[in-house]
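Colleague: Can you keep this structure in mind? I'll have questions shortly.
The values are calculated or read from the model by the stated rules, or taken from the named source; none is laboratory data. Quick caveat: nothing in here was measured; it's all calculated off a predicted structure. Glycine also receives a Cβ, built like all others from the backbone with ideal geometry; neighbour counts cover every protein chain displayed. These accessible areas exclude ligands, DNA and RNA; they are computed on the full protein's heavy atoms, side chains included. Shrake-Rupley method; radii C 1.70, N 1.55, O 1.52, S 1.80 Å.
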Amino acid sequence: MSDKKNIITATLIFVLFFLLFPLKLVPNLNYNSADSMKLSLVQTPLSGEKIPYIYKNHAGYFTKDLEESWGVKIKDGITLLDSSFINSSRDKKIIQIRNFDGDIKFSIEDDGYPFSISDRLYVISRDRKSLYEIEEGRVKWSRSFNYIITSIDGNFDTTVIGFAKGFFTVLDSDGEITFDYEPGGSRVSIIYSVVISKDSKYIGIVSGLDPQRFILYERRGVEYKPYYTTTLKDEIRKSVKLFITSNNRSVFLQNSSGFFIINIEEKSDTFFESNYNLKNVEYLKELDIYLVHSGAVNYNNIKLLTPDNRVLLENNFIGEGVSVRSMNKSIYTVIDDSVIKLDIRE
């Protein structure tokens, strides 16, 4: 009971810190009090621009003005799309795509695992050796592989897949293979993580053991060529978070004792010591700063960083299942069944 009281107290402190006391960041930037809203499980279509969230046992959307929210209790897994959702059940070998009223739009018989990237709906098989994309309720393309898939990323027209065998594959919007590559150079070959930039110009991977390396590839024509490589401080035998920022300037890479920030243009990296794992990194274009959210168990850390890695703000707070997103000049934090909006003004 005391732990629950501590979490509630810490949450209130977090809310008061941001909403009641505007915080000056640099001479021309400061936080202003904004708004907050209790998240509801009402299933009615939203009228405004919406932001997705997943919080503990429920998920949904809220509008950026915090006037409306839509939510549903999660069964065994949730997939959120721009105009529909999938609430998966382990005991049903069927994928049901529903609209925001809860009505079934399409159904596909399959016992695989659905997920979305850039509002594209994929299904991966239980043995992790096949993948297909669903568009308008039909299978757009399907591919089977000889090796176990370890990681997947994509954007609106490209998909990149990493394999336990130690190579990665790039697929176009029709599921055709456009590029294959095996980095090599390590005693144990395996691709742990992959990420692709929004414009498909860069692909980043975490590859191998003894040594384990991060490699950034740059697209040149139809191929991707190694652009920057660094050996990681600590070898991690699992998928790690990778983010290529939307301005194509930086790559954020999780490591066991902190995270790397790779400067793409300068081909250099900086390491930030941290006890927290990366959860999300977003670029706020209007302010030319990065929002970095990291956390471990009930503890969270938010940083605002300049492109040259100067810390404008750093704040720690307690909260379980917290998510942090941004839109325009606002930061939205989902915590304790509520969403808090924080405006940054010049």
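Colleague: When the residues of segment 45-103 are narrowed to those that are polar (S, T, N, Q) and in contact with a Phe, Trp or Tyr (Cβ under 7 Å, 6 or more places away or on another chain), which ends up surrounded by the most Cβ atoms within 10 Å (Cβ to Cβ)? Steps first, answer last, please.
Modeller: Looking only at segment 45-103, we keep the residues that are polar (S, T, N, Q), and these are 47, 57, 63, 69, 79, 83-84, 87-89, 96, 99.
Adding the requirement that they be in contact with a Phe, Trp or Tyr (Cβ under 7 Å, 6 or more places away or on another chain) leaves 69, 79.
Working: 69: 22, 79: 19.
By that ranking, first place goes to 69.
Colleague: Looking only at residues in segment 228-248 that are over 20 Å from the mean Cα position of the chain (by Cα) and part of a strand (DSSP E or B), which one is surrounded by the most Cβ atoms within 10 Å (Cβ to Cβ)?
Modeller: Within segment 228-248, the match that is surrounded by the most Cβ atoms within 10 Å (Cβ to Cβ) is 228.
Colleague: Give me the residue from segment 183-227 that is open to solvent by 30 Å² or more (accessible area, probe 1.4 Å) and closer than 17 Å to residue 260 by Cα and, out of that set, farthest from the chain's Cα centre (by Cα). If you could, list the steps in order and put the result at the bottom.
Modeller: Within segment 183-227, the first condition is being open to solvent by 30 Å² or more (accessible area, probe 1.4 Å), and the residues that meet it are 185, 187-190, 198-199, 201, 210-211, 213, 218-223, 225-227.
Cutting the leftovers down to closer than 17 Å to residue 260 by Cα gives us 211, 213, 227.
On the way: 211: 26, 213: 21, 227: 24 Å.
Only one residue tops the list, namely 211.
Colleague: Could you check segment 104-128 and list, in sequence order, the residues that are among the charged types (D, E, K, R) and either surrounded by fewer than 16 Cβ atoms within 10 Å (Cβ to Cβ) or modelled with pLDDT under 95 (or both)? Talk me through it step by step, then tell me what you get.
Modeller: Just the residues of segment 104-128 that are among the charged types (D, E, K, R), to begin with: 105, 109-111, 119-120, 126-128.
105, 109, 110, 111, 119, 126, 127 - these are the residues of segment 104-128 that are among the charged types (D, E, K, R) and either surrounded by fewer than 16 Cβ atoms within 10 Å (Cβ to Cβ) or modelled with pLDDT under 95 (or both).
Colleague: Any idea how many residues of segment 320-333 are part of a loop (DSSP other than H, G, I, E, B) and either out of contact with any Ser or Thr (no Cβ under 8 Å at 6 or more places or on another chain) or surrounded by fewer than 20 Cβ atoms within 10 Å (Cβ to Cβ) (or both)? Please lay out each step first, then the result.
Modeller: First, pick out the residues of segment 320-333 that are part of a loop (DSSP other than H, G, I, E, B): 320-322, 328-329.
So of that shortlist, the ones also either out of contact with any Ser or Thr (no Cβ under 8 Å at 6 or more places or on another chain) or surrounded by fewer than 20 Cβ atoms within 10 Å (Cβ to Cβ) (or both) come out as 320-321, 328-329.
Residues that pass the stated criteria total 4.
Colleague: Would you tally the residues in segment 136-165 being open to solvent by less than 80 Å² (accessible area, probe 1.4 Å), out of contact with any Phe, Trp or Tyr (no Cβ under 9 Å at 6 or more places or on another chain) and of a type outside the set (Asp, Glu)?
Modeller: 2
Colleague: Residues 320, 314: which one is more than 20 Å from the chain's Cα centre (by Cα), more than 25 Å from residue 265 (Cα to Cα) and not hydrophobic (A, V, I, L, M, F, W, C)?
Modeller: After ruling out the rest, the residue left standing is 314.
Colleague: Being of a type outside the set (A, V, I, L, M), within 28 Å of residue 218 (Cα to Cα) and open to solvent by 60 Å² or more (accessible area, probe 1.4 Å) is the requirement here; does residue 336 meet it? Walk me through how you get there before you give the answer.
Modeller: On the way: of a type outside the set (A, V, I, L, M): yes; within 28 Å of residue 218 (Cα to Cα): no; open to solvent by 60 Å² or more (accessible area, probe 1.4 Å): yes.
Here the answer is no, as residue 336 does not meet what is asked.
Colleague: Just for strands (runs of 3 or more DSSP E) wholly inside segment 136-175: which have at least 3 residues that are within 20 Å of residue 241 (Cβ to Cβ)? Steps first, answer last, please.
Modeller: On the way: elements: 138-144, 149-154, 159-163, 168-171.
Fully inside segment 136-175 and qualifying: 149-154, 159-163.
Colleague: Restricting to segment 168-182, count the residues that are over 21 Å from residue 262 (Cβ atoms) and either hydroxyl-bearing (Ser, Thr, Tyr) or open to solvent by 10 Å² or more (accessible area, probe 1.4 Å) (or both).
Modeller: Matching residues across segment 168-182 total 10.
Colleague: Still on this structure: Hey, could you check segment 37-76 for residues that are free of Cβ contacts under 8 Å to residues at least 40 places away in the same chain and hydroxyl-bearing (Ser, Thr, Tyr) and say which is farthest from residue 101 (Cα to Cα)?
Modeller: 63
Colleague: In this structure, does residue 295 turn out to be of a type in the set (Gly, Ala, Ser) and open to solvent by 10 Å² or more (accessible area, probe 1.4 Å)? Spell out the reasoning first.
Modeller: On the way: of a type in the set (Gly, Ala, Ser): yes; open to solvent by 10 Å² or more (accessible area, probe 1.4 Å): no.
Criteria not met by residue 295.
Colleague: Run residue 165 past the list (1) farther than 21 Å from residue 116 by Cα; (2) out of contact with any Ser or Thr (no Cβ under 8 Å at 6 or more places or on another chain) and report the number of the one that doesn't hold.
Modeller: In the conditions (1) farther than 21 Å from residue 116 by Cα; (2) out of contact with any Ser or Thr (no Cβ under 8 Å at 6 or more places or on another chain), residue 165 misses (2) alone.
Colleague: I would also like to ask the following. Can you confirm whether segment 308-317 contains a residue that is surrounded by fewer than 19 Cβ atoms within 10 Å (Cβ to Cβ), in a strand (DSSP E or B) and of a type in the set (Asp, Glu)?
Modeller: yes
Colleague: In segment 292-307, is there at least one residue being part of a loop (DSSP other than H, G, I, E, B) and modelled with pLDDT of 90 or more?
Modeller: Initially, segment 292-307 is screened for residues part of a loop (DSSP other than H, G, I, E, B), giving 297-298, 306-307.
So of that shortlist, the ones also modelled with pLDDT of 90 or more come out as 306-307.
Within segment 292-307, one or more residues are part of a loop (DSSP other than H, G, I, E, B) and modelled with pLDDT of 90 or more.
Colleague: On to the next question. If you go through segment 249-284 one residue at a time, how many are in a loop (DSSP other than H, G, I, E, B) and either surrounded by 15 or more Cβ atoms within 10 Å (Cβ to Cβ) or modelled with pLDDT of 90 or more (or both)? Lay out the reasoning, then the answer.
Modeller: Taking segment 249-284 and keeping what is in a loop (DSSP other than H, G, I, E, B), we get 249, 256-257, 264-267, 274-276.
Still in the running and either surrounded by 15 or more Cβ atoms within 10 Å (Cβ to Cβ) or modelled with pLDDT of 90 or more (or both): 249, 264-267, 274, 276.
Result for segment 249-284: 7.
Colleague: Being in contact with a strand residue (DSSP E or B) (Cβ under 6 Å, 6 or more places away or on another chain), modelled with pLDDT under 80 and β-branched (Val, Ile, Thr) is the requirement here; does residue 7 meet it? Talk me through it step by step, then tell me what you get.
Modeller: On the way: in contact with a strand residue (DSSP E or B) (Cβ under 6 Å, 6 or more places away or on another chain): yes; modelled with pLDDT under 80: yes; β-branched (Val, Ile, Thr): yes.
Yes.
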